[in-house]
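Bear in mind that the values in this text are calculations on the coordinates, not laboratory data. None of the values given here were measured: they were computed from a predicted structure. No Cβ is skipped: glycine too gets one built from the backbone with ideal geometry, and neighbour counts run over all protein chains shown.
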Amino acid sequence: MNKPTPRTLGLGLIVLAAGGCYALTMGARMSMGLFLGALNTHTGLGLASISLAFAFGQLWWGLTQPFAGMVADRVGAGRVIVCGVLMVALGTALIPHMSSTAGLIFAIGVLAAGGAGMAGPSVLMAATTRLISPARRGMASGIVNAGGSFGQFVFAPLLQGVTAAAGWITSLHALAAITLLALPAAWLLRGNGRHLSAPAPGQVAVESTRQAVSRALADRSFRLLCAGFFVCGFHVAFLATHLPGVVASCQLSPTVGAWALGMVGLFNIVGSIGMGWLMSCRGGRWRMKTLLTGVYAARAVAVLVFVLLPKTEAVMLVFAAVMGLTYLSTVPPTVGLVARFFGPSHLATLFGLAILVHQIGGFLGAYLGGKAFERTGSYDWMWYADIVLAVGAALVNLPIREAASATLDAATEVNPFPQVKGGALTPLS
């Protein structure tokens with residue numbers, strides 16, 4: 001076997017660090033739905049009140065993204081990741097000790113979800129994008145995004161097994177400890193985007209963060225992209241929070257619920273890497289807005305078929321697999337379009353804004369799922385809303401103008417490893 005070159009080793013380490021960190025923080029966050037029933041029994045607060053804590057977590061995870069991105073752009077991703085991982089571990093460990101809605105909001109929403117946001121996609125994707133060349137970004141972002149799904153695939157059945165053997169409290173404490181394994185990733189992903197902001201000879205000074213945000217909010221294509229991403233958040237949060245409840249309402253075993261969440265994570269690995277490949281193959285022949293339209297349309301069809309079919313174990317697992325293919329495969333083309341619109345120097349901040357919109361949808365998906373079930377005794381109306389919103393998201397991406405920014409990748413000519421002097425890591429091209 002050939003010895004890996006420094007360039008290959010550098011790329012592999014970057015993707016492994018970002019993907020591994022995302023696997024641990026996202027896997028922990030997206031497996032919380034397994035404990036919804038236990039928390040309801042333990043606290044007696046009611047499904048709607050506990051869903052409010054999960055919904056707040058969805059919103060807070062999004063609210064942290066642009067601010068975490070701003071801090072990472074200025075002081076470096078490594079420090080932000082360390083703080084985020086520690087918050088996830090602390091919040092997860094505290095969940096079993098909370099007996100009020102406010103306490104659950106603090107543990108699940110503020111600490112665990114906020115920490116996952118700080119060590120989440122806006123910081124990780126931007127760090128990865130900053131450290132590699134444009135030609136490799138599509139595939140790299142797909143692999144990093146798949147890391148989050150791998151964490152969900154591993155954690156959901158693992159936690160279900162620990163819960164069955166030792167109880168749900170032990171399961172949550174074990175999850176908190178496992179999350180700390182993400183800390184070493186902070187060292188490899190350290191650094192910020194300031195070296196990307198230095199104007200080249202003959203260029204005007206680059207814009208500030210405030211100017212970049214103002215320009216993004218004024219851009220029609222960015223607003224349309226965020227509108228579609230809002231729908232993605234609604235879908236993802238509803239499934240992550242309530243899929244075990246959907247399984248229970250169909251009179252199926254809790255084990256099916258755990259494996260359904262695991263199937264979503266497993267097949268999102270395929271979907272995310274496949275999306276990265278489609279973005280990179282033949283020089284990016286597929287337009288990213290077209291790929292997004294296809295993903296949202298596929299969701300609409302999948303939910304419609306699921307609503308019409310009998311709810312057996314096989315149907316549930318196949319539905320979870322199909323939804324997994326589209327689950328977070330929206331992330332690589334979304335971050336790709338943001339980078340194409342505005343360049344890499346403020347990417348953590350601007351993609352963080354898109355994620356904030358995504359999580360406003362997530363708040364509604366998580367909270368309304370609980371309210372709908374309390375009011376009607378089923379999730380039918382949530383599935384109908386899923387179908388309508390998915391069709392709308394498919395349509396809203398079509399008018400996006402996918403034109404490259406004039407200064408898109410000029411900054412990538414700068415050494416993306418300014419902190420490494422003559423070491424094994426070299427600029428990746």
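What's the whole-number percent of alpha carbon pairs in segment 235-368 lying beyond 19 angstrom?
Of the Cα pairs, 56 percent sit more than 19 Å apart.
For a quick check, take a GNM of the chain with Cα springs below 10 Å and name the residue from THR241, THR41, THR209 with the largest mean-square fluctuation.
THR41
Roughly how large, in nm² to one decimal, is the mean projection of the convex hull of the alpha-carbon atoms in segment 76-143?
5.1 nm²
Taking the chain as a Gaussian network, where each spring joins two C-alpha atoms under 10 Å apart, which residue of GLY336, GLY161, GLY148 fluctuates the most?
In this elastic network of the chain, the residue with the biggest mean-square fluctuation among GLY336, GLY161, GLY148 is GLY161.
Which FRET efficiency value, to the nearest 0.05, do you get for ALA177 and ARG74 by plugging their Cβ-Cβ distance into 1/(1 + (r/R0)^6) with R0 = 30 Å?
0.45
log₁₀ I(q)/I(0) of segment 1-132 at q = 0.12, 0.17 Å⁻¹, via Debye over equal Cα point scatterers, no solvent, to two decimals?
Scattering profile of segment 1-132, log10 relative to I(0): -0.50, -0.83.
Step through the residues of segment 361-371 one at a time and calculate ³J(HN,Hα) from phi using the Karplus curve (6.51 cos²θ - 1.76 cosθ + 1.60, θ = phi - 60°), rounding each to whole Hz and writing x for Gly and Pro.
For segment 361-371, the Karplus curve yields x, x, 4, 5, x, 6, 6, 5, x, x, 5 Hz.
Which length gain, in nm to one decimal place, applies between VAL305 and ALA38 when the Cα-Cα distance is subtracted from 0.36 nm times their residue separation?
93.1 nm
Using a Gaussian network for the chain with springs between C-alpha atoms less than 10 Å apart, which of these wobbles most: GLY117, GLY57, GLY245?
Looking only at GLY117, GLY57, GLY245, the largest GNM fluctuation is found for GLY245.
When only alpha-carbon atoms count, how far does segment 230-279 stretch along each of its three principal axes, as whole angstroms with the largest first?
41, 23, 12
Mind putting together the pair-distance distribution for segment 114-177? All Cα pairs, 5 Å bins, whole percent per bin, short to long.
Result returned by the calculation: 4, 15, 19, 17, 14, 12, 9, 6, 3, 1.
Given all pairs of different Cα atoms, what value in angstroms does the Kirkwood hydrodynamic radius of segment 309-348 take?
12.4 Å
For the chain, would you read off the P(r) tail past 35 Å as a percentage of all alpha carbon pairs?
Every Cα pair in the chain considered, those over 35 Å come to 23 percent.
Taking Cα atoms, how many degrees apart are the long axis of helix 121-131 and the longest axis of the chain, rounded to 10 and kept between 0 and 90?
The angle comes out near 30 degrees.
Please report the base-10 log of the normalised intensity I(q)/I(0) for segment 317-403, using a Debye sum with one equal scatterer per alpha carbon and no solvent, at each q in 0.14, 0.21, 0.24 (1/Å).
Taken in order of the listed q values, log10 I(q)/I(0) reads -0.66, -1.18, -1.33.
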